[in-house]
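The values are calculated or read from the model by the stated rules, or taken from the named source; none is laboratory data. On a predicted model such as this, the values are computed, not experimentally measured, just so you know. Because the Cβ atoms are built from the backbone with ideal geometry, glycine has one as well, and the counts that use them run over all protein chains shown.
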Amino acid sequence: MFDTLDSTSAEARRRAGGAGRGEAVAGPHWFVALRQTAGYGRRGRPWTQAEGDFAGSLLFAPAAPRERFGELSFAAALAVYDALAPLVSKGAMRIKWPNDILIDGAKISGLLLEMIETQAGPALILGIGVNVVSAPADAPYPATRLIDHAAAAPPSPREIARRLDAAFWVHYDRWLAEGFAPLRAAWVDRAAGIGGSLTVRMPNETLEGVFADLDEAGRLVLHMETETRTISAGDVFFGVERRPG
């Protein structure tokens, strides 16, 4: 546990290489900070955090081929769901593809999975942020905070880390033993928006259609008027955007 870091994921990356810290850390190891000065999410977007919010990164080396590492994004989303769902009203929490956690339709948590190369081979850094006492007002998607939904005082960052660690390894062990199929089934059962209209924004195009399914590789299946697309990465917004005119 650190009082302040630039980024928990950046610290995990430094420790994995032993940069300025002595021997490299092989993991699994959590890096948790009460405050981040340069937290980041997907595509390098800033992740803001107040003291009392959760920011943590897990460094570990999966015992599987690197081609399968991306599947653990869904294990991570399920772990956050399992760690936080008991604190809020039943049914209030859902997962927005691929791994954002929502309460009553607003984002409470975001995840970032990064693969790195170490002297011992490929490893993953799983960065997790949870809005516990604050929520950004200028985010591209509506955000909320745990304190407004929990029946009792929300847990400390240390307790959230304990809950996340316990939940993640349950899903990880099942993934190792049974593959992606049980993760997919559990994710679909907790998903937001399946069967409804979506807008998916990608760097070079924006698509609109119906969220039909999650395929066997974890891609979003989007039914559009003239075709069906499978999408590996993009920003998802529920409903169809209104265009002028």
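In table form, for the structure just shown:
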quantity: Conditions (1) in contact with a Ser or Thr (Cβ under 8 Å, 6 or more places away or on another chain); (2) modelled with pLDDT under 95; number of the one not met by Ser89; calculated: (1)
quantity: One residue from Ala151, Ala177 being over 16 Å from Pro98 (Cβ atoms), loosely packed, with under 12 Cβ neighbours inside 10 Å and touching a helix residue (DSSP H, G or I) at 6+ places or on another chain (Cβ under 9 Å); calculated: Ala151
quantity: All positions within segment 48-91 that are among the basic types (Lys, Arg) and touching a residue at least 24 places away in the same chain (Cβ under 8 Å); calculated: Arg66, Arg68
quantity: Count of residues meeting criterion [within 19 Å of Ile125 (Cβ to Cβ) and aliphatic (A, V, I, L, M)] in segment 150-175; calculated: 4
quantity: Residue check for Ser134: surrounded by fewer than 17 Cβ atoms within 10 Å (Cβ to Cβ), in contact (Cβ under 8 Å) with a residue 12 or more places away in the chain, of a type in the set (S, T, N, Q) and assigned by TED's automatic domain parsing to the domain that holds Ala64; calculated: yes
quantity: Residue match in segment 187-210 (condition: surrounded by 12 or more Cβ atoms within 10 Å (Cβ to Cβ), within 26 Å of Ala63 (Cα to Cα) and out of contact with any Phe, Trp or Tyr (no Cβ under 7 Å at 6 or more places or on another chain)); calculated: yes
quantity: Tally, over segment 158-169, of residues that are over 12 Å from Tyr81 (Cβ atoms) and surrounded by fewer than 20 Cβ atoms within 10 Å (Cβ to Cβ); calculated: 6
quantity: Those residues of segment 96-118 which are farther than 25 Å from Pro65 by Cβ and of a type in the set (A, V, I, L, M), in sequence order; calculated: Ile101, Leu102, Ile103, Ala106, Ile108
quantity: Strands (runs of 3 or more DSSP E) within segment 158-245 that include 3 or more residues in contact with a Pro (Cβ under 9 Å, 6 or more places away or on another chain); calculated: 235-238
quantity: Residue match in segment 18-27 (condition: within 28 Å of Pro140 (Cα to Cα) and in contact (Cβ under 8 Å) with a residue 12 or more places away in the chain); calculated: no
